[in-house]
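Since every read-out is calculated from the coordinates, none of them should be taken as a lab result. Just so you know, these numbers come straight off a predicted model, no measurement behind them. As a convention, Cβ positions derive from the backbone with ideal geometry for all residues, glycine included, and neighbour counts pool all protein chains shown.
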2 protein chains.
Amino acid sequence: MRLTERYSKETGREYALRMLKDNIIHLDLVPGKLLSENELSSEMNLSRTPVREALIELSKVKIVEIYPQKGSAVALIDYNLVEEARFMRNVLECAVVELACKTAGEDAVRELKDNVKLQEFYLENRSPEQLLKLDDEFHRLLFHITGKDQVYQLMDSITIHFDRIRSMSLIAVKDLKTVSDHQAIVEAIAAKDGDLAKELMDKHLSRYKIDEEALRREYPGYFL
Amino acid sequence: MRLTERYSKETGREYALRMLKDNIIHLDLVPGKLLSENELSSEMNLSRTPVREALIELSKVKIVEIYPQKGSAVALIDYNLVEEARFMRNVLECAVVELACKTAGEDAVRELKDNVKLQEFYLENRSPEQLLKLDDEFHRLLFHITGKDQVYQLMDSITIHFDRIRSMSLIAVKDLKTVSDHQAIVEAIAAKDGDLAKELMDKHLSRYKIDEEALRREYPGYFL
DNA sequence: AACAATGTACTTGTATACTAGTGCTTGACA
DNA sequence: TGTCAAGCACTAGTATACAAGTACATTGTT
């Protein structure tokens with residue numbers, strides 16, 4: 001378990017949640033790994049209570065399994081759940097981008113354009129970390145400007161299944177195409193072309209498809 | 001706060017959650033009502049811990065607000081959140097019913113038909129409670145047969161905003177149309193007509209639209 | 001040796017005690 | 001009378017103690 005510093009205003013529960021998610025996504029806590037509330041809490045210098053609350057939250061999206069009176073574990077990879085996350089994201093993002101075409105004003109479009117401009121900058125400067133952050137931010141922005149923050153938050157909670165296998169997949173996302181996808185989407189929104197925007201988004205998200213069988217071969221034992 | 005019996009296998013946390021949701025939906029805990037963990041726990045004959053865990057879960061979908069070190073309250077009605085719930089449901093249900101047209105086998109169609117048959121029975125026998133239950137079950141089934149149970153569960157968690165104002169609205173759902181809507185949807189699925197199914201679902205869900213202004217007039221003070 | 005019962009060491013679930021932060025009340029003082 | 005400050009009564013956040021259930025090892029018996 002890799003730990004980073006606790007933010008100053010962060011509660012114990014938020015810290016535990018952040019640490020657990022990070023470690024699960026980056027496979028420092030591998031699928032199937034047994035989790036003990038006691039062990040985790042002493043590792044993080046917390047009591048069981050905040051750790052337990054974090055585990056309960058993670059179990060809601062089935063990334064952690066809790067067996068009452070027996071133990072807890074990082075969930076094995078259930079490919080159907082990954083597919084659910086992909087499906088949900090695809091459906092909602094397409095609907096939101098279509099909605100954005102109808103409702104987005106000048107300010108919103110400018111915000112999106114600013115974001116993409118920054119992406120171009122970090123693409124040239126080879127800063128994949130910043131780029132990933134801006135990518136997430138771009139999609140979050142689309143939900144925000146259409147007033148669907150809560151929907152985003154719910155969708156985001158299940159996305160961890162997808163994030164985990166993305167981090168397993170060695171194939172990096174082709175950043176160049178990603179950024180130009182974003183550019184095209186913003187242009188479609190500015191032009192208020194809903195059908196085009198939806199189509200572009202669908203194509204964009206399809207780039208993240210990951211070969212299940214290859215992963216299964218490389219990491220047997222991580223799968224359900 | 002109205003309490004019903006605790007199920008035998010139910011944990012304290014699950015019981016607290018069920019009670020809180022029921023009372024919020026049926027306005028026994030009105031919007032804006034201050035909640036005290038101590039008060040709630042003694043009312044439910046539990047300690048603070050399981051009650052607190054339930055409140056945290058409800059705060060995730062913003063139906064309960066927790067102000068650290070100050071207090072908690074049932075959230076006022078935020079119409080934008082209601083709209084988010086409606087939007088999310090509409091988008092996902094339409095996508096799922098379309099998917100069902102592609103993937104549903106004979107067994108799945110039979111399950112749906114059985115459900116609708118029961119709806120017809122309870123419609124004739126004027127049993128609105130059973131009918132409501134079957135209505136929920138019908139929609140849950142659509143997600144189940146397409147392998148999207150987790151998506152349903154997440155969607156369902158935000159639906160409470162919608163359920164609350166539905167219970168405020170005196171206008172009962174026209175059960176007759178509801179049942180015939182369901183019939184038509186099942187037929188479209190059996191005929192594998194995705195476009196029709198989607199259109200029918202959209203029309204079906206639009207029946208639940210509620211007049212915001214009328215509610216605002218009737219219940220000022222419940223709104224944000 | 002085979003097997004059954006029991007003890008033990010774990011787990012999560014719940015209750016309770018303590019910490020720290022908020023806001024209001026109350027009272028002293030100018 | 002007005003103002004400010006100390007204290008009190010509440011809150012949620014956290015730590016710890018205890019309860020209840022599970023799995024496994026160990027021991028005693030046949």
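Mean partner shielding of peptide B:151-160, defined as the number of other chain Cβ atoms within 10 Å of each residue Cβ, is 4.
What residue among A:Lys33, A:Lys60, A:Lys133 has the largest mean-square fluctuation in a Gaussian network model of chain A, using Cα springs under 10 Å? Evaluated over chain A, the most mobile residue of the options is A:Lys133. Ordering A:Leu34, A:Ile165, A:Met201 by Cα displacement along the dipole of chain A toward the positive end leaves A:Leu34 in first place; charges were set at the Cβ atoms of Lys, Arg (+1) and Asp, Glu (-1). Taken one residue at a time, the phi angles of segment B:85-91 give Karplus couplings (6.51, -1.76, 1.60, θ = phi - 60°) of 4, 5, 4, 4, 5, 4, 4 Hz. Gly and Pro are set to x. Taking a sphere under 12 Å around the Cβ of B:Lys117 and counting the other residues whose Cβ falls inside, with K and R at +1 and D and E at -1, yields a net charge of -2. Amide H contacts under 5 Å for A:Val64: A:Ser59, A:Ala75, restricted to partners 5 or more places along the chain or on a different chain, H placed in the peptide plane at 1.01 Å from N. Would you look at the GNM of chain A, springs on alpha carbons closer than 10 Å, and say which of A:Tyr122, A:Tyr15, A:Tyr67 moves the most? Between A:Tyr122, A:Tyr15, A:Tyr67, it is A:Tyr67 that shows the largest mean-square fluctuation.
Place a +1 charge on the Cβ of each Lys and Arg in segment A:17-171 and a -1 charge on the Cβ of each Asp and Glu, then give the dipole magnitude about the Cα centre in debye, rounded to the nearest 20. About 280 debye.
I need to check one value: relative contact order of chain B, counting alpha carbon pairs closer than 8 Å and at least 6 residues apart, in percent. Kindly include the intermediate steps, with their values, before the conclusion.
Values: 225 pairs, mean separation 57.4, N = 224.
Computed over chain B, the figure is 26 percent.
Estimated from helical segments only, the mean residue ellipticity of chain B at 222 nm is -22500 deg cm²/dmol, where each DSSP H run of four or more residues counts as -39500 (n - 2.57). Residue by residue, segment A:214-219 carries 3J(HN,Hα) couplings of 4, 5, 4, 5, 6, 10 Hz when phi is fed to the Karplus relation 6.51 cos²θ - 1.76 cosθ + 1.60 (θ = phi - 60°); x denotes Gly or Pro. Oblate is the label for segment B:70-199. Its Cα gyration tensor axes, ordered a ≥ b ≥ c, give a/c of at least 1.5 and b/c at or above a/b. Each other residue within a Cβ distance under 13 Å of B:Leu200 adds +1 if Lys or Arg and -1 if Asp or Glu, for a net charge of -4. In this Cβ point-charge picture (+1 for Lys and Arg, -1 for Asp and Glu), the protein assembly as shown has a dipole of about 660 debye about its Cα centre. With label points set 7 Å from Cα along Cα→Cβ, the inter-copy distances at A:Gln130 are 6.6 nm, sorted shortest first. Length gained on full extension, B:Lys102 to B:Leu27, computed as 0.36 nm times the residue gap minus the Cα-Cα distance: 22.9 nm. Within the same chain, lysines fewer than 8 places from B:Lys113 are excluded, and of the rest, those with a Cα less than 24 Å from its Cα are B:Lys102, B:Lys133, B:Lys148, B:Lys174, B:Lys177, B:Lys192, B:Lys198, B:Lys203. Taking Cα atoms only, the orientation of helix A:149-158 departs from the longest principal axis of chain A by about 50 degrees.
Taking every C-alpha pair closer than 8 Å and separated by at least 6 residues, the mean separation divided by the residue count of segment A:95-224 gives a relative contact order of 38 percent. Near B:Tyr208, no amide H atom lies under 5 Å from its own; only residues 5 or more places off or on other chains count, and H is placed 1.01 Å from N.
Taking Cα atoms only, the orientation of helix B:12-25 departs from the longest principal axis of chain B by about 80 degrees. For B:Phe223, the amide hydrogen comes within under 5 Å of the amide hydrogens of B:Ile77, counting only partners 5 or more places away or on other chains and with H modelled in the peptide plane.
Residue-wise HN-Hα couplings along segment A:92-97, as the Karplus relation 6.51 cos²θ - 1.76 cosθ + 1.60 with θ = phi - 60° gives them from phi, are 6, 5, 5, 5, 5, 5 Hz; Gly and Pro carry x.
Please compute, for peptide B:70-83, the average count of beta-carbon atoms on other protein chains lying within 10 Å of each residue's beta-carbon.
Across B:70-83, the average partner-chain Cβ count within 10 Å equals 1.
Hey, got the average number of other protein chain Cβ atoms within 10 angstrom for residues in B:137-148? Provide the component values of the computation, followed by the final result.
Numbers: counts 0, 0, 0, 0, 0, 0, 1, 0, 0, 2, 5, 6.
For this peptide, the per-residue mean of nearby foreign Cβ atoms is 1.
Take every Cα pair under 8 Å in segment A:1-60 that's 6+ residues apart, average their separations, divide by the length, and report that relative contact order as a whole percent. Intermediate values should be presented prior to the final figure.
Details: 39 pairs, mean separation 23.9, N = 60.
Relative CO of segment A:1-60 lands at 40 percent.
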